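Written below as structure tokens is the structure these notes are about.
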Amino acid sequence: MRKKLIVPTVLVLLTAGAGAGVGVAYWHFLPPGRALRGLAIDGQVQPEHESLGDWLERRRQALLSREAYLELPDGEGNVKTTFGELGIEVDVAATMKHVRELSEDGTLAARLYRVKEAQAGRLEIPLSWSVDRTRAQAKLEALAPQVKRDPVDARLDLVHHRRIDEIPGQKLDVDGTVELIQDAEREPDAVIPLWTRPIPARVTSEALANVDVSKVLGSFETDFSHKARARDKNIEQAAEYLNGTVIAPGQTISFNQVVGPRTMARGFVNAPVIVDDEIEPGVGGGTCQVASTLHAAAVYGGMDIVARRSHSRPSGYTPLGLDATVIYGEVDLKIKNPYDSPLIIHAFLPQKATLRIELLGREPPGKVEHTYAVIKTHDFYRRVWTKDWLSEGKSIKRQRGIKGYDVVSVVRIKHPDGTEEDKRYFSWYRPVPEVFWVAPGTSPSELPELPQGAEHVEVDGAKQPSPDSTAELSPETPDSGDVRGG
């Protein structure tokens, strides 16, 4: 037992001989819950009155609000955030382990040296950090739509005979950016770049090199000479946005996405549109004629119609079943290229009041015929609105009534090999009310007799009882929905 005490005793004597002050400091350098006295942890020294764990936890909480910035690509600026939102926080357990290792690891001489350096204020260690990947991913997923850029397909300018190259898109690489967050600096106002991946365009300039624009898959013309002149500008503008668009093999295109929002800033003007079964002025009126012409050309080209809705009333520029209404952000026309080669949309005005759309790039699939049949009709009604600004006894016939129709279309393709293929689809045209504007106090009986096909009268939204009915008048709003279109 005495022999076993020799080594510690010698070590104590050696320590005392090497410097009694430092030796004593070593044995008392780490009271419970403390770092080396004077040790700076990320620039700060643990207070005397607080345990190491409590102090580090308090720092962890405070540093969650440290500001950082996510750098948007292409020099588009930075997004301000915090360490807490990015899942960056002080790892208290790892930091305490580092402190303990600093105190206990190494030779006696090395530990004595660190004690001396800490007491002199010359010893500092960094905080240990961790990243909550789930929290970081949630922040980045919310930011992803702001970073995403859709690719722009290559197209042909058929007017100026030039090819416009594709522009790749981009999307946020969430996992890659989390790795950058993991490795980023932990200083205040740290700037962390966002990692993005390219989105290739579906149609490239190379793919257009061998497209034969002399081949017409399908085409259709509509006339707008008898429509309001204000529509001319919108038809020309929508056709210009559509012209030269390429549809890759198997690709589905959206009319609304290609033509874009109908705003004055983009060249559209006020013109008549249909709102709740009545004609009203609206920006972009006439755009539906372009959509209808494209739809008819696609039908005659044997293409797949992915999404399409008929107008609320028959249009004068296409047969029943060939029209298509569009409302930006709500109702769209989508067509798909079912062929193994790209197609190019040629939308132009061969004459001042004629719109023609051709689908170029291949021969037609055969002889294509479109026929339709009305399978049911619906009576319309008279709608009367009281207008305070009309003089007494005055009335204006604002709109004539039109019956509604349920229509089935049949598209028959007679292929060169003699085989035939039929496609069927339906269209629903709502009854168009006859509309009168009348002065206050005007009785419905003072208006002309109901035309044939009109079933009842509504005055300011209230349905009127039929002449042979003794039922009380009860207000009833027609179920007309919100039907609009250009």
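The values are calculated or read from the model by the stated rules, or taken from the named source; none is laboratory data. Note that the structure is predicted; figures quoted are calculated from it, not measured. Ideal geometry is used to build each Cβ from the backbone, glycine not excepted, and the neighbour counts take in all protein chains shown. Side chains included, ligands, DNA and RNA excluded: accessible areas come from the protein's heavy atoms. Shrake-Rupley method; radii C 1.70, N 1.55, O 1.52, S 1.80 Å.
ILE88 is checked against (1) open to solvent by 50 Å² or more (accessible area, probe 1.4 Å); (2) under 46 Å from the mean Cα position of the chain (by Cα); (3) among the β-branched types (Val, Ile, Thr) and fails just one. What number does that condition carry? With (1) open to solvent by 50 Å² or more (accessible area, probe 1.4 Å); (2) under 46 Å from the mean Cα position of the chain (by Cα); (3) among the β-branched types (Val, Ile, Thr) applied to ILE88, the lone miss is (1). Any residue at all in the range 117-134 that is more than 14 Å from GLN46 (Cβ to Cβ), of a type in the set (Gly, Ala, Ser) and part of a helix (DSSP H, G or I)? Within the range 117-134, none of the residues are more than 14 Å from GLN46 (Cβ to Cβ), of a type in the set (Gly, Ala, Ser) and part of a helix (DSSP H, G or I). All of ASP422, ASP417 fail the test of being surrounded by fewer than 17 Cβ atoms within 10 Å (Cβ to Cβ), under 27 Å from THR325 (Cα atoms) and of a type in the set (Asp, Glu), apart from ASP422.
Let's see how each residue does on (1) under 30 Å from THR82 (Cβ atoms); (2) at pLDDT below 90; (3) not aliphatic (A, V, I, L, M):
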| site | (1), (2), (3) |
| --- | --- |
| ILE164 | no, yes, no |
| LYS171 | yes, no, yes |
| GLU179 | yes, no, yes |
| ALA184 | yes, no, no |
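Residues in the range 281-317 that are modelled with pLDDT of 95 or more, small (Gly, Ala, Ser) and not in a strand (DSSP E or B): ALA291, SER292, ALA296, ALA297, ALA298, GLY301, GLY302.
Restricting the search to the range 346-375, which residues are aliphatic (A, V, I, L, M), outside any loop (DSSP other than H, G, I, E, B) and touching a helix residue (DSSP H, G or I) at 6+ places or on another chain (Cβ under 9 Å)? Listed by number, the residues that qualify are ALA347, LEU349, LEU355, ILE357, LEU359, VAL368.
Do you know which of the residues in the range 287-301 that are open to solvent by less than 10 Å² (accessible area, probe 1.4 Å) and not hydrophobic (A, V, I, L, M, F, W, C) is farthest from ASP332 (Cα to Cα)? The residue in question is GLY301. Criterion applied to GLN170, GLN251 was being closer than 30 Å to VAL283 by Cα, of a type outside the set (Val, Ile, Thr) and under 28 Å from the mean Cα position of the chain (by Cα), and the one residue passing it is GLN251.
Pairs meeting the criteria (first residue in the range 440-457 and modelled with pLDDT of 90 or more, second residue surrounded by 10 or more Cβ atoms within 10 Å (Cβ to Cβ) and part of a helix (DSSP H, G or I), beta carbons under 7 Å, at least 6 apart or on different chains) are VAL457/PRO444.
Table: residues versus (1) among the aromatic types (Phe, Trp, Tyr); (2) touching a residue at least 24 places away in the same chain (Cβ under 8 Å); (3) loosely packed, with under 13 Cβ neighbours inside 10 Å.
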site	(1), (2), (3)
LYS139	no, yes, no
ALA142	no, no, yes
VAL147	no, yes, no
LEU156	no, yes, no
LYS171	no, yes, no
VAL178	no, yes, no
ALA190	no, yes, no
PRO200	no, yes, yes
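Within the range 158-200, the set of residues being under 24 Å from ILE357 (Cα atoms) and in contact with a Pro (Cβ under 9 Å, 6 or more places away or on another chain) comprises GLU166 only. For the subset of the range 387-402 comprising residues that are of a type outside the set (Lys, Arg) and under 40 Å from the mean Cα position of the chain (by Cα), which member is surrounded by the most Cβ atoms within 10 Å (Cβ to Cβ)? Result: GLY401. For the range 327-386: of the residues being open to solvent by 30 Å² or more (accessible area, probe 1.4 Å) and aromatic (Phe, Trp, Tyr), which is farthest from VAL306 (Cα to Cα)? In this case the residue turns out to be TRP385.
I'd like to know if the range 265-272 contains one or more residues that are over 24 Å from the mean Cα position of the chain (by Cα) and of a type in the set (Phe, Trp, Tyr). Checking the range 265-272: not a single residue is over 24 Å from the mean Cα position of the chain (by Cα) and of a type in the set (Phe, Trp, Tyr). No other residue among SER205, SER214 is of a type in the set (Ser, Thr, Tyr), open to solvent by less than 60 Å² (accessible area, probe 1.4 Å) and either modelled with pLDDT under 95 or within 19 Å of MET303 (Cβ to Cβ) (or both) apart from SER205.
ARG382 - would you say it is at pLDDT below 95 and either closer than 30 Å to VAL213 by Cβ or of a type outside the set (Lys, Arg) (or both)? Against the criterion (at pLDDT below 95 and either closer than 30 Å to VAL213 by Cβ or of a type outside the set (Lys, Arg) (or both)), ARG382 does not qualify.
Quick grid of which residues meet (1) in contact with a Gly (Cβ under 7 Å, 6 or more places away or on another chain); (2) open to solvent by 50 Å² or more (accessible area, probe 1.4 Å); (3) without any contact (Cβ under 8 Å) to a residue 40 or more places away in the chain; (4) farther than 14 Å from LEU355 by Cβ:
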{"residue": "ARG229", "(1), (2), (3), (4)": "no, yes, yes, yes"}
{"residue": "GLU236", "(1), (2), (3), (4)": "no, yes, no, no"}
{"residue": "ALA239", "(1), (2), (3), (4)": "no, no, no, no"}
{"residue": "LEU242", "(1), (2), (3), (4)": "no, no, no, no"}
{"residue": "VAL246", "(1), (2), (3), (4)": "no, no, no, yes"}
{"residue": "GLN251", "(1), (2), (3), (4)": "no, no, no, yes"}
{"residue": "PRO261", "(1), (2), (3), (4)": "no, no, no, yes"}
